[in-house]
Amino acid sequence: MKLASLKHGRDGRLVVVARDLTRCADATHIAPTLQAALDGWRRAAPRLETLAEEVELGSVPTERFHESACDSPLPRAYQWADGSAYVNHVELVRKARGAEIPESFWTDPLMYQGGSDSFLGPRDPIPPGEPDWGLDMEGEVAVITGDVRLGADREAAQKAIRLILLCNDVTFRGLTAGELAKGFGFFQSKPPTAFSPVAVTPDELGEAWDGDRLHLPLTVRLNGKPFGKAEAGVDMTFDFPTLIAHASRTRPLAAGSIIGSGTVSNRDEGGGPGRPITAGGLGYSCIAEQRVVETLLEGAARTPFLKPGDRVEIEMLDKKGHSIFGRIDQTVGV
């Protein structure tokens with residue numbers, strides 16, 4: 001089933017969305033918000049699934065589904081922890097800062113705790129920040145969990161995955177080096193994150209979801225032009241159960257916790273850092289990677305970071321070319 005939160009108050013109004021994203025049915029008689037559904041998942045999920053079937057059959061009242069009316073599926077969450085599962089991305093952005101990648105990064109996941117008290121809706125403008133802060137997009141896949149016990153293993157972590165969605169983990173690249181040099185992680189470098197209009201249950205993805213990874217390209221467009229089409233299931237060093245188990249090593253996770261994959265990133269066929277789409281490659285899910293590759297190949301970065309008026313689109317299509325999660329479609333504000 002596909003779930004969304006229409007803009008309403010602080011936590012949205014829960015709706016069940018048709019598979020083709022054209023219609024939706026109010027679900028507040030089952031749970032007023034997605035967080036409430038996650039808190040009572042054992043009771044709510046079967047009723048929501050029944051409603052989803054009725055939406056497909058046309059046997060319940062529906063309204064037209066407008067992605068522009070959506071908030072983040074969880075407008076605020078108890079936890080937003082973002083990993084760096086694609087070590088190729090970590091390696092590239094560290095090169096931009098003149099830092100080598102430690103060998104441990106291939107065996108021990110990186111993860112930071114982001115701000116989760118307010119997310120951006122999928123069509124909300126991106127706050128631009130100061131011109132020298134280096135505003136960047138980051139296209140990612142994320143999962144929403146149920147309750148995860150302290151010290152959960154991979155098997156328990158996998159069973160805790162309730163929903164899958166996409167996100168734009170916005171970053172101020174110009175602030176990261178200074179913050180990381182303090183040895184205490186990101187804070188000001190990470191403004192609010194945006195999520196896709198719709199979150200889907202794993203069964204909705206069919207063979208594209210293997211329980212650990214999502215095996216489809218993540219489409220990123222910048223100002224209407226193709227920028228990236230990296231394969232989300234390829235070069236993912238740490239899968240979602242591993243990331244969830246890592247997050248729960250010393251703390252339990254509450255239902256409604258969001259765990260991100262980090263920027264989806266692929267190596268080139270020859271093992272290199274990847275080529276731009278204009279050069280026949282799979283492109284990138286963030287500007288920083290393209291700038292690093294430009295520096296390595298051409299001696300200097302040419303692609304500017306985001307500026308007011310720039311448009312970012314992030315989407316994932318199924319094998320038939322249909323949008324699964326709806327489209328993150330944001331313009332940088334003034």
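The values are calculated or read from the model by the stated rules, or taken from the named source; none is laboratory data. Keep in mind it's a predicted model, so treat the numbers as computed, not measured. Please note: Cβ atoms are built from the backbone with ideal geometry, for glycine as well, and neighbour counts cover all protein chains shown. Surface areas here come from the heavy atoms of the whole protein model, side chains and all, with no ligands, DNA or RNA. Shrake-Rupley method; radii C 1.70, N 1.55, O 1.52, S 1.80 Å.
A few notes on this one:
- The chain, relative contact order [Cα under 8 Å, separation at least 6], %: 22
- Here the calculated FRET efficiency for K319 and S59, from their Cβ-Cβ distance with R0 = 35 Å, stands at 0.80, rounded to the nearest 0.05.
- Mean silhouette area of the range 203-277, derived from the convex hull of its C-alpha atoms and averaged over all directions, reads 7.0 nm².
- With only Cα atoms counted, the range 1-97 has Rg and Dmax values of 17.0, 57 Å.
- Between 0 and 90 degrees, the angle of helix 41-57 with respect to the longest Cα principal axis of the chain falls at about 80 degrees.
- Percent breakdown of C-alpha pair distances by 10 Å bin, ordered from the shortest bin, for the range 113-185: 15, 35, 30, 18, 2
- The residue list M316, T22, M236 was ranked by how far each Cα lies along the charge dipole of the chain toward its positive end, using unit charges on Cβ atoms, and T22 comes out on top.
- Around the amide H of R23, modelled in the peptide plane, lie the amide H atoms of A18, F65, all under 5 Å away and 5 or more residues distant in sequence or on another chain.
- The range 26-114 - charge dipole about Cα centre, Lys and Arg +1 at Cβ, Asp and Glu -1, debye rounded to 20: 280
- The tail of the calculated P(r) for the range 248-289 beyond 14 Å holds 60 percent of all Cα-Cα pairs.
- The range 210-273 and the range 301-334: distance between their alpha carbon centers, rounded to Å: 17
- Exposure check, 1.4 Å probe, all protein chains in place: D11 carries approximately 50 Å² of accessible surface.
- Whole-Hz ³J(HN,Hα) from phi, Karplus 6.51 cos²θ - 1.76 cosθ + 1.60, for the range 117-128, glycine and proline x: 6, 7, 9, 8, x, x, 10, 6, x, 8, x, x
- A Stokes-Einstein calculation at 20 °C with viscosity 1.002 mPa s, built on the Kirkwood radius of the range 27-166 over Cα pairs, returns a diffusion coefficient of 116 µm²/s.
- Acute angle (nearest 10 degrees) that the helix 287-298 long axis makes with the longest principal axis of the chain, alpha-carbon atoms: 30
- Among beta bridges that DSSP assigns inside the chain, antiparallel share in %, nearest 5: 90
- Per-residue ³J(HN,Hα) for the range 237-248, Karplus 6.51 cos²θ - 1.76 cosθ + 1.60, θ = phi - 60°, Hz, x for Gly and Pro: 5, 10, 7, 5, x, 5, 5, 5, 4, 4, 5, 9
- Once you reduce the range 1-56 and the range 103-122 to the center of their Cα atoms, the two points are 27 Å from each other.
- The chain, helix-only ellipticity at 222 nm - DSSP H runs n ≥ 4, -39,500 (n - 2.57), divided by all residues, nearest 500: -6000 deg cm²/dmol
- Counting only trypsin sites (Lys or Arg not before Pro) that DSSP places in a loop and that have at most 11 other Cβ atoms within 10 Å, the longest clean stretch of the chain runs over 11-181.
- Estimated FRET transfer efficiency (R154, D11; beta-carbon r; R0 30 Å; 0.05): 0.45
- Expressed per residue, the C-alpha convex hull volume of the range 286-334 stands at 96 Å³.
- Accessible surface for the chain, divided over its residues, is 44 Å² per residue with a 1.4 Å probe.
- Placing +1 on each Lys and Arg Cβ and -1 on each Asp and Glu Cβ, with no other charges, gives the chain a dipole about its Cα centre of roughly 500 debye.
- Size of the range 243-334 as Cα extents on the principal axes (Å, biggest first): 47, 36, 32
- Calculated from the alpha-carbon coordinates, the chain shows an Rg and a Dmax of 19.1, 61 Å respectively.
- Whole-number Å³ per residue for the convex hull built on Cα positions in the range 179-334: 166
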